[in-house]
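Reviewing the structure listed below.
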Amino acid sequence: MLTQRVDADAAIPRDAAEPLSEAATDQARISARLERLPITRQVFWARNIIGAATFFDGYTVIAIAYAMPVLVKEWSLTPAQIGLILSAGYLGQLFGAVLFGSLAERIGRMKVLTFTILLFVAMDVACLFATSAAAMMAFRFLQGIGTGGEVPVASAYVNELIGSKKRGRFFLLYEVMFLLGLVGAGVIGYLLVPLYGWKVMFAVGLVPAMLLIPLRFFLFESPRWLASKGRIAEADRIVSRLEASASKAGHTLAEPEELPPLQKNSNRQGWKELFRGMYFKRSLVIWAMWFGAYMVANGLITWLPTLYRQHFHLPLETSLAYGFMTSAAGVVAAVICALLIDKVGRRRWYIGALFAAALPLTALALTGATTPLQILLMAGLGYALVQTVTFSLYLYSAELYPTRLRALGTGIGSAWLRLGSAAGPLVVGMAISGAGVHYVFGTFAIVLLVTGVITALFAIETKGRVLEELSP
């Protein structure tokens, strides 16, 4: 039995001279045992605890958008300053994604997740005491470093816990927590900002964040990551515990299906491997998808409440309510995507959503975007369609890379998310200051069309395939 052999070897350190084929075989066996497991109680709660962190990520990302209509008047902000404040968090996320994605490959998923959670909670407190645009930019930048590090590492972790047949729905229902965070921010913004001012957005956000710190200690390290580092005994203990939990719940476990060991020449190449072989094209495609989809989604959702208030002079409550309705539409579309993507497939869904989202934005550009109701309906539809792409790209990215590169590849890929997210608000701010609102929607439609063409030409399908089969 694997367990007996591993226990017997546990006291003997694996040294660098040991044949890679044995290490690769051990890793394949750990993956095979995970593949045939149902969703155990431990895995279910691990996803939910990480989901709570993701909820807070979504909340903090969009909280500034609902605080902004009040800050504009209180601090006499210019459109350029608004764009810089909205973009600062995304720029911080860019640095965090690259830094912590690489670190998670070396020291593990759990250590990185603990540090990033502490960082973005601390910066949420700091935002409460911001007294100027410069201070808010600085705090949002630092908070973004924590958020940018947490999300790709958490995505790699959740992907590594589940088998291929259930991976899409299991992961995307976790990702819905991010969108619920967006909606939660909309509810708080609508109900409390008119009564208590902008600081309430950050004060309320501390409640779920503080709960994460003790819950973190109920989590376990990724067995796939442990196995990839030669820590087979530790990985075996965790998988054995999951197997025992499944058996206790009444599941009959099939024998693990044999998976091929990792290729001998694919180990320990670091970030350079992202630019070699099959992973080079995959990296370029996913970067384009990250950048284009997030530039449009976050450009829309972060600016719309301020756009309604400043450009159309709607009451504050109405502006915030319209922003909330757009976020809610994104959640509905995302849940539909989560339930169907394992049947439809990643590639087919992305192509359809990107091209379909460009249509209402093109209509706004051609008709002039002259009324707030028109923008609410058409921009809301475009945003909802794009949101099905943005929220599921963490699933797709993690499927494109092997365990040794998963957090790093997802982190560097999501750095393009941050660039796109930072570019979106800046584009809107400059366009509104000069050319006009309808040019914003025309620009976003073109971005979506280009992204859709790249996806159609170069993206691969990953549904129903074992991670180790997709990325040896």
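The values are calculated or read from the model by the stated rules, or taken from the named source; none is laboratory data. All values derive from a computational prediction rather than experimental measurement. Quick reminder, even Gly has a Cβ in these numbers, built from the backbone with ideal geometry, and neighbours come from all protein chains shown.
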Residues being surrounded by 24 or more Cβ atoms within 10 Å (Cβ to Cβ) and assigned to a loop (DSSP other than H, G, I, E, B) - total across the stretch 119-161: 1
Wholly within the stretch 277-384, helices (runs of 4 or more DSSP H) carrying at least 3 residues that are among the basic types (Lys, Arg) and under 27 Å from Leu470 (Cα atoms): 346-367
Residue list for the stretch 228-244, restricted to those being modelled with pLDDT under 90 and on the phi < 0 side of the Ramachandran plot: Ser228, Lys229
Any hit, the stretch 311-322, residues being out of contact with any Phe, Trp or Tyr (no Cβ under 7 Å at 6 or more places or on another chain), among the hydroxyl-bearing types (Ser, Thr, Tyr) and modelled with pLDDT under 85: no
Test: residue in the stretch 124-137 that is out of contact with any Lys or Arg (no Cβ under 6 Å at 6 or more places or on another chain), touching a residue at least 12 places away in the same chain (Cβ under 8 Å) and under 28 Å from Gly409 (Cβ atoms): no
Hits in the stretch 340-360 (condition: under 13 Å from Leu172 (Cα atoms) and within 18 Å of the chain's Cα centre (by Cα)): Ile341, Arg346
Close pairs from the stretch 258-281: first closer than 17 Å to Ser228 by Cα and among the acidic types (Asp, Glu), partner surrounded by 11 or more Cβ atoms within 10 Å (Cβ to Cβ) and modelled with pLDDT under 65, Cβ under 8 Å, at least 6 apart: Glu273/Ser266
Total residues in the stretch 100-113, condition surrounded by fewer than 24 Cβ atoms within 10 Å (Cβ to Cβ) and modelled with pLDDT under 85: 1
Test: Thr116 is surrounded by 24 or more Cβ atoms within 10 Å (Cβ to Cβ), more than 23 Å from Arg309 (Cα to Cα) and without any contact (Cβ under 8 Å) to a residue 40 or more places away in the chain: yes
